[in-house]
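Report on one structure; see the data block that follows.
The values are calculated or read from the model by the stated rules, or taken from the named source; none is laboratory data. What you are looking at is a predicted structure, and each value in this text was computed from that prediction instead of being measured. Cβ sites come from the backbone with ideal geometry, for glycine too, and all protein chains shown count toward neighbours. In case anyone asks, the SASA skips ligands and DNA or RNA and just uses the protein heavy atoms, side chains included. Shrake-Rupley method; radii C 1.70, N 1.55, O 1.52, S 1.80 Å.
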Amino acid sequence: MQFRIAKVLLIVFTFLINIPFSKAQIDGQDVNKTPYGVIYNHLYYLQSDSYDPAKAARSFQLPQEEAEDAAIKLKQILDGEGLYVDINRLPQKRNYVDTTSGESIYFIERNEPLIYVEKTDSLWFYSRTTVNNIDKLHSEIYPLGTFLSEWFQKPVWQNEFLGIQLWQWIGLLGLLVIGFIVFFLLSKIVLPLIKRLVGLQFGKMEQFQKDFKSLARLISLAITTKILSYLLPMLMITPRVNSFLIKGLGILFLFFLIFIFTKLMVVVFHYLGKITAKTENPLDDQLLPVLHKIANGIIWVVGGIYILDYLDVNVTALLAGISIGGLALALAAQDTVKNFFGSLMIFVDQPFKIGDWINFDNVDGVVEEVGLRSTRIRTFANSIITVPNGNLANIAINNYGMRRYRRFTTKIGVTYDTPPELITIFVDGIKEIIQLHPTSRKDYFEVHLNEFGASSLNILLYMFFDAPTWTDELKGRHEIMAGVIQLASDLGVRFAFPTQTLHIEEIPGQNSLTPKPKTMAEAKAQMEKSLKNIDQFIKTRKGTDPTKFKPLGGE
């Protein structure tokens with residue numbers, strides 16, 4: 001199968017490089033009447049089987065000897081740049097006018113503005129600009145001259161295979177050898193230079209060393225490709241083959257540039273990853289891969305446009321078509337686009353981070369993952385709610401996770417038969433418990449007898465915990481509530497509960513059912529002792545199992 005494919009490619013390649021130049025001759029009187037006549041006459045009489053520089057010189061408005069030299073050099077320039085001229089597309093009108101400039105000129109190649117023909121006194125010739133720049137262009141394309149073609153003039157070197165002469169095959173082989181040598185030398189030089197530029201501290205890191213080695217190889221390949229395309233014109237291969245090789249090397253160079261920039265992005269984002277790893281916000285870690293993909297996408301899109309432009313594709317018309325198609329696609333995928341930009345806004349504004357407890361539109365849970373399209377929230381029922389990011393970007397979100405202090409408010413109901421003096425001591429004791437707690441906010445809390453309930457006297461407890469997580473908040477609540485229960489037990493304060501009780505104050509012949517309260521001195525002494533026990537309980541509770549807690553009551 002592979003042999004058949006190679007055979008077909010060889011046949012196509014042979015067909016392309018052996019398309020003969022049109023043999024239709026042109027009369028000497030018609031040479032300078034049209035752009036077609038000027039360019040055809042110049043190229044036809046410099047072909048190997050119709051070589052006649054004297055006739056080719058008719059396309060130049062110069063003395064004979066200078067015209068012949070200009071004709072030969074210009075042909076070498078066109079061949080060296082790989083500019084293949086399609087004779088059938090040349091304008092054959094005497095009064096041809098360039099639509100862009102409105103002048104009587106015709107450019108052979110739009111990417112080469114110095115080579116064109118112009119109409120002078122009703123006759124067409126190669127322009128004075130072209131003639132004046134021939135030597136300059138020739139020296140740029142052949143910096144080492146054309147000595148190779150002069151060395152291999154013997155017939156044995158002129159034998160052709162696949163349209164390429166024997167000495168040119170040898171030259172191509174020599175270029176490959178030069179390429180390997182240049183690549184090997186550059187790869188040894190570029191890597192130390194990169195490490196020196198970015199700093200030794202990165203060069204010592206294993207991950208950065210791998211990235212730098214890969215980057216050094218890509219840069220070496222790009223430079224080698226450029227050197228080969230610089231030396232290739234010296235072989236003076238036929239225009240079709242030369243055009244194919246030059247275009248191939250140019251596209252290869254552009255691909256290497258794309259890979260270089262993508263590898264640079266890898267290095268940059270590895271470095272940014274080292275920085276974000278030190279931050280507490282996990283959204284940074286999720287944002288970097290997204291930005292990396294976007295950066296790579298932009299690099300490939302821009303690189304693709306440059307490659308298409310290099311292949312003479314009408315990029316302007318292509319972009320216009322893509323814009324129209326993109327508009328239609330955007331209209332058809334409004335929600336997707338909306339969610340994408342919503343994701344960007346979440347990553348930029350960071351209204352919440354992974355692990356935050358948030359609440360919005362009857363959704364209550366902990367942020368588990370933020371993606372490009374949606375955000376996943378783990379509810380307290382352990383289910384997952386997926387919310388489009390476009391919606392999140394346009395609603396008010398209550399982020400409990402960003403609270404510095406977590407509020408705790410409750411009502412403590414005591415029985416109606418509790419003496420007011422004992423309630424006051426009980427309230428003061430609760431305040432002392434709050435002061436003793438390590439994570440409570442000491443500068444703002446409220447503990448007061450607040451209301452008469454249906455079956456209890458209600459004490460308001462309103463306070464805040466300096467707790468970063470919900471678990472820390474619950475732990476603080478547990479300790480405060482356990483302390484309040486312990487204090488009530490030690491003081492003889494009874495908690496009320498909503499019941500209806502038939503209460504008989506006194507039964508003849510029996511003692512009263514109402515408990516006898518402690519004296520105020522006894523109650524205060526008991527409160528101080530109870531607070532010491534509660535303080536000891538809070539300090540020693542770390543790491544203990546709440547189910548094994550034993551009340552620290554008084555003697």
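Structure data summary
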{"quantity": "Rounded accessible area of residue 252 (nearest 10 Å², 1.4 Å probe)", "calculated": "80"}
{"quantity": "The stretch 368-477 - percent of accessible surface contributed by carbon and sulfur, probe 1.4 Å", "calculated": "51"}
{"quantity": "Sequence of 219, 358 from largest to smallest accessible area, 1.4 Å probe", "calculated": "219, 358"}
{"quantity": "Estimated distance in nm for a label pair at residue 528 and residue 423, the labels positioned 7 Å out from Cα along Cα-to-Cβ", "calculated": "2.6"}
{"quantity": "Point-charge dipole on Cβ atoms (K/R +1, D/E -1) for the stretch 33-85, about Cα centre, debye to 20", "calculated": "240"}
{"quantity": "Cα gyration tensor category, rounded, prolate or oblate, for the stretch 30-135 with a/c compared to 1.5", "calculated": "rounded"}
{"quantity": "Length added when fully stretched, residue 89-residue 230, from 0.36 nm per residue minus Cα-Cα", "calculated": "47.9 nm"}
{"quantity": "Chymotrypsin sites (Phe, Trp or Tyr not before Pro) within the stretch 34-126, DSSP loop, no more than 15 other Cβ atoms inside 10 Å", "calculated": "51"}
{"quantity": "Listed pairs 353/411; 353/431; 188/210; 353/539 exceeding 23 Å between Cα atoms", "calculated": "353/411; 353/431; 353/539"}
{"quantity": "The stretch 361-468: C-alpha gyration tensor shape, a/c 1.5 cut-off, then a/b vs b/c", "calculated": "prolate"}
{"quantity": "Extension gain (nm, one decimal) between residue 404 and residue 306, 0.36 nm per residue minus Cα-Cα", "calculated": "30.0 nm"}
{"quantity": "Per DSSP, loop chymotrypsin sites (Phe, Trp or Tyr not before Pro) in the stretch 368-425 with at most 10 further Cβ within 10 Å", "calculated": "380"}
{"quantity": "Fully extended contour minus Cα-Cα distance, from residue 135 to residue 349, at 0.36 nm per residue", "calculated": "71.0 nm"}
{"quantity": "In sequence order, calculated HN-Hα J values of the stretch 102-107 (Karplus, 6.51, -1.76, 1.60; Hz; x Gly/Pro)", "calculated": "x, 10, 7, 9, 9, 8"}
{"quantity": "Under-5 Å amide H pairs with residue 413, H placed in peptide plane, nonlocal only", "calculated": "459, 496"}
{"quantity": "Label point distance in nm, residue 381-residue 341, each placed 7 Å from Cα along Cα→Cβ", "calculated": "3.5"}
